[in-house]
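The structure appears below as structure tokens.
Taken together, the values in this text are just the output of simple stated rules run on the coordinates, not laboratory data. For clarity, every value in this text was computed on a predicted model and none was experimentally measured.
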């Protein structure tokens, strides 16, 4: 492989760590990829035929890092859960009429205010409290 890169696509040089003297090793920037420039060609090296690929490092400097993407995903999930919890609270308030009707005949539940405990328990579970 023959890899070329420009200044913007180049990462840190690790030449001082290379196990092959005379070769330079370079880290690629995050979210970069190798782009094939031309059709592969055949060459003879040390009496053997070798296929040579011309590649170029292409770094997308505008893309988000993995950490940014995970952070955005976490925010989306947190927002989704918050919306679901608010929706459950709204639906519970919508059932107030039915609850009051039920409490007229269930005097024991009304006396011990079990309906409030149930609503409170549901809301706490939704919010993860």
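Here are some notes:
- 0 to 90° range, to nearest 10: angle between helix 96-105 axis and the chain longest Cα axis: 40
- The chain - mean residue ellipticity at 222 nm from DSSP helices (-39,500 (n - 2.57) per run, n ≥ 4, rounded to 500): -15000 deg cm²/dmol
- Segment 66-127 has equivalent-ellipsoid semi-axes of 37, 11, 4 Å, by the square roots of 5 times the alpha carbon gyration tensor eigenvalues, sorted largest first.
- Anisotropy class of segment 55-100 from Cα gyration tensor, a/c 1.5 cut: prolate
- Candidates 89, 35, 23: whichever shows maximal mean-square fluctuation once the chain is modelled as a Gaussian network with Cα springs under 10 Å: 23
- Selected from 98, 56, 90 as most flexible by GNM, with the chain as the system and alpha-carbon contacts under 10 Å: 98
- Reciprocal of mean inverse Cα separation for segment 2-59 (Kirkwood radius, Å): 13.0
- Relative contact order (percent, whole number), segment 2-59, Cα cutoff 8 Å, 6+ residue spacing: 41
- Normalised by the number of residues in the chain, the average gap of Cα pairs under 8 Å and 6 or more apart makes the relative contact order 20 percent.
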